[in-house]
Each structure stands twice: as structure tokens, then as C-alpha cells.
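Chemist: Would you mind keeping the following structure in view while I ask a few things?
The values are calculated or read from the model by the stated rules, or taken from the named source; none is laboratory data. Everything numeric here is computed off the predicted structure, so don't read it as measured data. Every residue, glycine as well, gets a Cβ built from its backbone with ideal geometry; the counts of neighbours run over all protein chains shown.
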């Protein structure tokens, strides 16, 4: 029986299918086609973004290496800052030279005799005060112990 049906099929054959099923098949095919094109579009956009990021990364690496070496020029403020730094460096060199020329009085400085005597006397007074403080504490402790014993 199935052989009869196959033999009777031709380009004029009619297929009976419910309209609801036909519309569902057409709608499913349409959704699949739209989904396919959306996925391929997103993939191509993502590939483009990746290639742009790779180019930017390469340019950034070149800039990062080349800028400090001066391969891309310098900003006017950098040039001004460099001039000011060089001027400060020269001024510091002149000041250091002047200090080196005039530092003999610093190396040979000694306080006047009266000042040195006052410093020595102050040191002696500090030692004497420390000795007296210890003696007073000792006497207070001795007096305290006699008062306790005498009661």
C-alpha cells in the first residue's frame, strides 16, 4: 500500500495539513532564521570590537613606551617645567659652591670662653642637684622609718 502512494506522488500531488500546523511551521522557521541572523550579527560585532581593542592596545603600548623617550614630542608645560628644573639645579649648584667656600668658620667655630664656662657650670649644677635629690629622698625614707619604729 505504501508503494502505491509513493508511485502516485508527483509535482501535482496535494498534501493535506491543518492550517494551524502550517502556520506554526512557518512561524518556527521565521523565528529560527531571525535568530540565526541575530547570532551571526552579534558574533561579527564582537569580533570587530575585539579587533579594535587589539589595535588600541597596540597603539597604547607604543605610546606608553615612546612618550617617556620623547618619540612623540613633549607638551609645552613639560618644556617649561624642564627649564625651571634646570634653573633650580644651577642655582643650587651656585649656592652649594658658595657654602663650600665659606664653611671654614663653621668648622673652626668655638663658643666664647664665657659661654663655655656657663655650660660647664650648668653641667656641674645638674650633677649637684641630682646628688641632693637622692640625699633628700634617702633622708625622708630614714625619717619615715624612725617615725614608724618610735610609735
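For every residue, the table says whether it meets (1) surrounded by 10 or more Cβ atoms within 10 Å (Cβ to Cβ); (2) modelled with pLDDT of 90 or more; (3) touching a strand residue (DSSP E or B) at 6+ places or on another chain (Cβ under 7 Å).
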| site | (1), (2), (3) |
| --- | --- |
| 20 | no, yes, no |
| 23 | yes, yes, no |
| 40 | yes, yes, no |
| 68 | no, no, no |
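Chemist: Within the range 96-151, how many residues are at pLDDT below 85, surrounded by 10 or more Cβ atoms within 10 Å (Cβ to Cβ) and not in a helix (DSSP H, G or I)?
Modeler: Selection size over the range 96-151: 1.
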